[in-house]
């Protein structure tokens, strides 16, 4: 390589290093500016929040903060149950297959007037050849679990009375709810705010004050209003329960208790 080419190569290398250094400096500058921009934005937001708080304090120098609550008890009209069915051996007939058990069960549901929309499969356990070789004889039976939704306990009792007690392994009430739960929640929230206003009125009158406008209302938190299934668990249903001629125990459902509370700030005038 001649002297002229070497000089050109040296100059090109120098400029590449110089451009690379400039790019690194520019990148560092951008990162620093982003950091300061974020800090500046946070400072501005804090100032706005403080200003709003301050303005409220100036506009309403005297306030009262109260909590109101409301509650009600309702009888559930949505009863969710599960029924577990399993293949079994019948003397003189042999194994009653899961297909036969399923068909009989669905026919029973239809006979008592349960719509198809209230019945769904919760789980299913089948067997294949590989599992059959590894399991004992007592485990060579398929099983299926259905979930059924009832509107009353009467229909549930009708189903229990007609279940195949040999195939039924378990019957359980897993949860209860109400079809108008959203409407009840709305009513209770309104009542909770009204209760807060009433409380603010008599508390302020105790110090010779009167309440003004509502400055803020904190909405009550939502939650799933389902009853715990432990109150209604009927696990391991025995043959004696289904076959007994004595009066069967009535399943009583505890009322669902709904409660909401709201925090409200009122101005005093």
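Just one of the numbered conditions (1) farther than 30 Å from residue 172 by Cα; (2) modelled with pLDDT of 90 or more is not true of residue 115: (1).
Being modelled with pLDDT of 95 or more and out of contact with any helix residue (DSSP H, G or I) (no Cβ under 8 Å at 6 or more places or on another chain) holds for only one residue in 198, 209, 139, 158, and it is 198.
The values are calculated or read from the model by the stated rules, or taken from the named source; none is laboratory data. The shown structure was predicted, so the numbers you read here are calculated from the model rather than taken from an experiment. Methodologically, a virtual Cβ is constructed for each residue, glycine included, from the backbone with ideal geometry; neighbour enumeration extends over all protein chains shown.
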